[in-house]
Structures are given as C-alpha cells and as structure tokens.
Amino acid sequence: MATVSLGTTPGGTTPVGTTPGVNTPDSEKNDEFQEHEKILSPDFLSTAQITDLLTEDVDGIQEKLRIFLNFKNLHTHLKDAIILDYYVSGFMWAKGMDFSVTQYSKFMTLLDMLLHNLRTLHMSLEDSIKWFGEVMAEIGPRHSQKKKEWNIFDVKQANAIIDYLKISLFQHYKLYEFMFYSTREEIVIGTETGFYDPSKSSYCRSLFWPLQKGKWQLT
C-alpha cells in the first residue's frame, strides 16, 4: 500500500495556516478513518478479480482460484485441494448472498486472514473466534451506528457470516490444525477422525454467544 504524505506540499513546505503537530477534529476524523480502512487489509482478491470470478460457474471459479493460488497438482496434494475448496466454497456461499463487490472483497479477505491466523500464527480455536468477533464488531452493524458510511454488512448479513463460519472453518478447526501441523505421513483420513463441533464445547458456546446475542449487537 502506498504511503501518502499528509500536510506538506510537493516542495516540502507546510501550507500556510496549518500548525504541525496539532490535531484538529478533521485530522482526528481522518486518522480514525484510516485506522478503520486497515481492517481486513490488504484485500485478498482485487476488484477486477472478483468481477471476473462473478462471470464464472463453479468450475471456472475453482480453476481461476487454483491459478491464483499457484496450486499445480490437486490430485497429489491433498492440502492444496482442501485449501482451494475452502476458498471456492466461501466464494460460492457469498455468491448466494448477493454481496456487493466490496462485501465480496471483505468476506474473502476475512476467510484468508482466518486461515492465515490458523496456519501461520497457530491461533487456537478460542483465540480465532475472539479475533473474528472483534473484526465483526468493526465491520458489522454495531460500528455503523456511529459511522454509517463505514457499514459493510447489515445485521442479516453479519449473522449469516457467523453461521457460515460456525459450520465450515470453526466446526472443522481441529482437522485444519491437524492438516497444517502434521507431517504428510501422519495425515490419514478415515471415519475414525470425525469432525469437531464447536457448539458442543461449553467454552466455545460462551464465545459465540455474545456474537449473536447482543454484545456486538448483530441481532
């Protein structure tokens, strides 16, 4: 992201009437807006990429995302196939929600950052849900009560996103952890593996509860 120098002319002179180091209401508002803009940035997919994907059917979306992710052989790389399915499934779900391009962008970036938190930062399920809640508090309807122009998702959309992630990434979180943290020889897919359901964990239920029952005012 390019860095923009504020408060100076091309010649490096501070414009007349501006006092360096003094915060004005306008400058504070601009700083707050820039902080808000950092949420879910940089974008996982560009506007042009999203627009292009919206013209494709599911097979076309899968192929273009495969190329974008630089996955070569899905038949021999189970991990790549699962990651691709994660993004394709998310995009197809969003397509059913009739999101705007901006909403697609933020949702796909949310999916990418959740996977990054798990894969690279080794974030636990509990911490991942907490992080998710904090992000939804910023881009969901609660924040928009004060800054309506920053609203990205309405109440119905925000709750739909929560429900989707509960039955997708969070429900299968333990399997994703096993896939990322285990050696290839250790990964054995079988019926005895099963799925992890966060709704059966009292601790995880306590984390999801404020998401849907008012702490972030999504309902």
Note to self: Past the 12 angstrom mark, what percentage of all C-alpha to C-alpha distances in segment 85-133 do you count?
What the structure shows: 65 percent
Check: Percent of accessible area on segment 62-140 owned by carbon and sulfur, 1.4 Å probe?
Finding: 52 percent
Next item on the list: Please give the length that would be gained between Ser182 and Ala160 if that part of the chain were fully extended, namely 0.36 nm times their separation in residues minus their C-alpha to C-alpha distance (nm, one decimal).
Entry: 4.7 nm
Checklist line | Pair Ser41, Asp127: separation of 7 Å Cα→Cβ label points (nm) | finding: 2.5 nm
Next item on the list: Determine ³J(HN,Hα), in whole Hz, for all residues of segment 93-106 in sequence, where each value follows from phi through the Karplus function 6.51 cos²θ - 1.76 cosθ + 1.60 and θ = phi - 60°; x replaces Gly and Pro.
Entry: 5, 4, 4, x, 7, 6, 5, 6, 4, 4, 5, 4, 4, 5
Margin query: Give me the one-decimal nm value for the distance between modelled label points at Ile67 and Asp52, 7 Å along each residue's Cα-to-Cβ direction.
Written below: 0.6 nm
Margin query: So, R0 is 22 Å and r is the distance between the beta-carbons of Met97 and Gln171; what FRET efficiency does that work out to, to 0.05?
Written below: 0.70
Check: Can you give the Rg to Rh ratio for segment 51-131, taking only C-alpha atoms and Rh from Kirkwood?
Finding: 0.99
Check: PRE reach from Asp85 (point 7 Å along Cα→Cβ): which of segment 161-182 fall under 20 Å by backbone N?
Finding: 164-182
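The values are calculated or read from the model by the stated rules, or taken from the named source; none is laboratory data. Remember, predicted model here, so these are calculated numbers, not experimental data. Methodologically, a virtual Cβ is constructed for each residue, glycine included, from the backbone with ideal geometry; neighbour enumeration extends over all protein chains shown. The area values use the complete protein model at the heavy-atom level, side chains included, leaving out ligands, DNA and RNA. Shrake-Rupley method; radii C 1.70, N 1.55, O 1.52, S 1.80 Å.
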